[in-house]
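Here's the structure we're looking at; comments come further down.
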Amino acid sequence: MEIDPLIFRLSIFILSIFIGYYVVWSVTPSLHTPLMSVTNAISSVIIVGAIIAGLSGNSESIFNTSSIFGFLAIALAAINIFGGFLVTQRMLAMYKKKRKNK
Amino acid sequence: MISANLSAIFYLVSGVLFILALRGLSSPETSRQGNLFGILGMIIAVTVTFLSTGNFSSGFIFVLVFILIGGSIGAFIAYKIPMTAMPELVAGFHSLVGLAAVFVAISAFLNPEAFNLGTPGNIKLGSLIEMSIGAAVGAVTFSGSIIAFLKLQGIMSGSPITFKGQHPLNAMILISIIVLIYLLCSTQSSNLFWILLAVSFLIGFLLIIPIGGADMPVVISMLNSYSGWAAAGIGFTLENTALIITGALVGSSGAILSYIMCKGMNRSFFNVILGGFGATDGVSNTSSKEQRPVKSGNADDAAFLMKNASSVIIVPGYGMAVAQAQHALREMVDTLKKNDIKVSYAIHPVAGRMPGHMNVLLAEANVPYDEVFELEEINNDFANADVAFVIGANDVTNPVAKTDPQSPIYGMPVLDVEKCKSVLFVKRSLSPGYAGIDNDLFYKENTLMLFADAKKMTEDITKNL
């Protein structure tokens, strides 16, 4: 009997939770705010679903109810992607070591 | 057009890059590189999606236009936002992830052919279950984050909103969501899908209103986690590895942060979620408080004490952020350092309105991160320090947490500020903190209260040094 592909996806999911668990515990507490903003940005990879939805219209009618929701989701996810990564970059650029003047 | 297998491999690559992005945050040196990995992963995922649909018609132009619109709004916000407003920003971003998940689910429900999920009214059972879970969690994330945003922004009062029968009502709604998903899957009725969304929006709203302002670090972390689970739910629907990996990473990240925040307050997760903390008890406590003598001083006294110290520990709290005193504080510390006084910063896990908030504010004020210490690292040093300078913090220094089992904050880890030879406490008044309890530290022999605005006081001290 063949294994349902769902089982494979479930395996990836469960293993990723474990990876997430160990990776996040190793994040230094002083970087917890950038951690939140970067997780925000990467969870917006949901944009791939939004793009598929946005492109679902045919050449005569690009806009149907389904694709309009797709386009809206693209805009929302794009705010998050650009906003999330850039604000993380901005924060991380501020973390500096002691100047060597002693 | 690239094959489904090839694009699946690229999605896996972008998932791995996201793991490396989080991994980079284990130290500030590697963090910037980590962020670049994250950006690269996102570019790969988006490009592969374009290539795999192979649709470069006029619809493609519109996709780019919407990315551009969203992207410029996001970039604009990212450059304009003051660091003190990070909690609001993150809450706002969470709501967008949640709403995007809802929209993608709606789109997939209306037009399942585009996603290879079957036909309208006849969607594959597994996909429908995944889709409705993703949509429900997304909706909860959206409305919950909106409430969190409004509370953090001060548009909505930070005090908990509770009413009779709240918990039974919430429990009933949660059960009805499960029933709705079950019915939806057996009937494929679109009406049930809309009702499910409406009920999920409602429960997100109801779950967050009873949680008070001081518990916001937990709420934000929890919503972070939800946004991850919503993304994972959609990832299962779309059979997309990148989305499943990311959802799991973000979900567990938010869960761990919630755990750390709860531990920092010595409260159980359920206690926070059920809410109502610090609502009315605080008021009765302050009115019944007996008048005890307090020593208060001015900037001159504070400067004198610090000038004669050999080591000073700074304890910043949310009040510092509100007064925007971080730059003035760093100038004061620079002056102290010129006088060969050793200065370090002590950060409590729940200082500020979100995990790590104080660290970002200090970094913004050019405080080197190797002078900033976490509670466990620095707590033993208070006994050897000459002066503790508490600015905008309160409950996290209250020794009552160690001595009085009756106190609501008993057992909470606190900074051992009272062990210092002298304590300088910058505060506007003697009012209690968010926990609504009096701080014993105010009345100690070795405490000098500095009643003023944090920023102004810090500047005055610098002048007197």
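Some points to look at:
- Test set (1) closer than 24 Å to B:ALA214 by Cα; (2) without any contact (Cβ under 8 Å) to a residue 60 or more places away in the chain; (3) polar (S, T, N, Q) - B:THR84 fails condition number: (2)
- Cβ pairs under 7 Å, 6+ apart, first in region B:400-414 and at pLDDT below 85, second of a type in the set (Val, Ile, Thr) and not in a loop (DSSP other than H, G, I, E, B): B:SER407/B:VAL400; B:ILE409/B:VAL400
- Per the conditions (1) over 17 Å from A:SER30 (Cβ atoms); (2) touching a residue at least 24 places away in the same chain (Cβ under 8 Å); (3) surrounded by fewer than 24 Cβ atoms within 10 Å (Cβ to Cβ), the sole criterion not satisfied by B:VAL387 is (3).
- Taking region B:181-206 as the range and being under 23 Å from the mean Cα position of the chain (by Cα) and surrounded by fewer than 24 Cβ atoms within 10 Å (Cβ to Cβ) as the test, the residues that pass are B:PHE201, B:LEU202, B:ILE203, B:PHE205, B:LEU206.
- Among (1) farther than 23 Å from B:LEU415 by Cα; (2) within 10 Å of chain A (Cβ to nearest Cβ); (3) open to solvent by less than 20 Å² (accessible area, probe 1.4 Å); (4) under 17 Å from the mean Cα position of the chain (by Cα) - the single one B:MET261 does not satisfy: (1)
- Test: residue in region B:55-65 that is farther than 20 Å from A:GLY57 by Cβ and facing another protein chain (nearest Cβ under 9 Å): no
- Residue check, B:ILE244 within 7 Å of chain A (Cβ to nearest Cβ), within 30 Å of B:SER52 (Cβ to Cβ) and either surrounded by fewer than 20 Cβ atoms within 10 Å (Cβ to Cβ) or out of contact with any Ser or Thr (no Cβ under 6 Å at 6 or more places or on another chain) (or both): yes
- Just one of the listed residues (B:ILE19, B:ILE9) is at negative phi, among the β-branched types (Val, Ile, Thr) and touching a residue at least 60 places away in the same chain (Cβ under 8 Å), namely B:ILE19.
- Verdict on B:LYS421 being at pLDDT 85 or above and within 29 Å of the chain's Cα centre (by Cα): no
- For region B:73-88, filtered to residues that are at the interface with another protein chain (Cβ under 7 Å from one of its Cβ atoms) and surrounded by 24 or more Cβ atoms within 10 Å (Cβ to Cβ), the residue that is farthest from A:GLY49 (Cα to Cα) is B:MET86.
- Checked against the criterion of being more than 27 Å from the chain's Cα centre (by Cα), part of a helix (DSSP H, G or I) and surrounded by fewer than 17 Cβ atoms within 10 Å (Cβ to Cβ), the candidates B:ILE69, B:ILE61, B:ILE2, B:ILE43 yield just one match: B:ILE61.
- Subset tally (residues that are among the hydroxyl-bearing types (Ser, Thr, Tyr) and farther than 30 Å from A:LEU31 by Cβ) for region B:1-23: 2
- Taking (1) touching a helix residue (DSSP H, G or I) at 6+ places or on another chain (Cβ under 9 Å); (2) within 14 Å of chain A (Cβ to nearest Cβ); (3) open to solvent by 10 Å² or more (accessible area, probe 1.4 Å) in turn, B:ASP340 satisfies each apart from (1).
- Among the residues of region B:328-367, just one is of a type in the set (D, E, K, R), closer than 24 Å to B:ASN224 by Cα and in a helix (DSSP H, G or I), namely B:GLU364.
- Within region B:394-426, tally of residues that are outside any loop (DSSP other than H, G, I, E, B), open to solvent by less than 10 Å² (accessible area, probe 1.4 Å) and within 19 Å of B:GLY264 (Cβ to Cβ): 3
- Some residue of region B:428-439 being of a type in the set (A, V, I, L, M), assigned to a strand (DSSP E or B), in contact with a helix residue (DSSP H, G or I) (Cβ under 8 Å, 6 or more places away or on another chain) and surrounded by fewer than 20 Cβ atoms within 10 Å (Cβ to Cβ): no
Per-residue answers, yes or no, for (1) crowded, with 21+ Cβ neighbours inside 10 Å; (2) assigned to a loop (DSSP other than H, G, I, E, B); (3) touching a strand residue (DSSP E or B) at 6+ places or on another chain (Cβ under 7 Å):
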position: B:ALA136; (1), (2), (3): yes, no, no
position: B:SER145; (1), (2), (3): yes, no, no
position: B:ALA148; (1), (2), (3): yes, no, no
position: B:MET156; (1), (2), (3): no, yes, no
position: B:HIS167; (1), (2), (3): no, no, no
position: B:ALA171; (1), (2), (3): no, no, no
position: B:VAL179; (1), (2), (3): no, no, no
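- A:ILE12 meets all of the listed conditions (1) more than 20 Å from the chain's Cα centre (by Cα); (2) within 7 Å of another protein chain (Cβ to nearest Cβ); (3) open to solvent by 10 Å² or more (accessible area, probe 1.4 Å) but one, namely (1).
- Candidates in region B:27-40 are the residues that are more than 19 Å from A:ALA78 (Cα to Cα), open to solvent by less than 40 Å² (accessible area, probe 1.4 Å) and part of a helix (DSSP H, G or I); of these, the one that is farthest from the other protein chains (Cβ to nearest Cβ) is B:GLY34.
- Scanning region B:310-331 for residues that are open to solvent by 10 Å² or more (accessible area, probe 1.4 Å) and not aromatic (Phe, Trp, Tyr) turns up B:SER310, B:SER311, B:GLY319, B:VAL322, B:ALA323, B:GLN324, B:HIS327, B:ARG330, B:GLU331.
- Of all residues in region A:65-86, those satisfying the criterion of being within 7 Å of another protein chain (Cβ to nearest Cβ), more than 10 Å from the chain's Cα centre (by Cα) and open to solvent by 10 Å² or more (accessible area, probe 1.4 Å) are A:THR65, A:PHE69, A:LEU72, A:ALA75, A:LEU76, A:ILE79, A:PHE82, A:LEU86.
The values are calculated or read from the model by the stated rules, or taken from the named source; none is laboratory data. Because the structure is predicted, anything quoted here is derived from the model rather than measured. Backbone-built Cβ (ideal geometry, glycine too); neighbour counts: all protein chains shown. The area values use the complete protein model at the heavy-atom level, side chains included, leaving out ligands, DNA and RNA. Shrake-Rupley method; radii C 1.70, N 1.55, O 1.52, S 1.80 Å.
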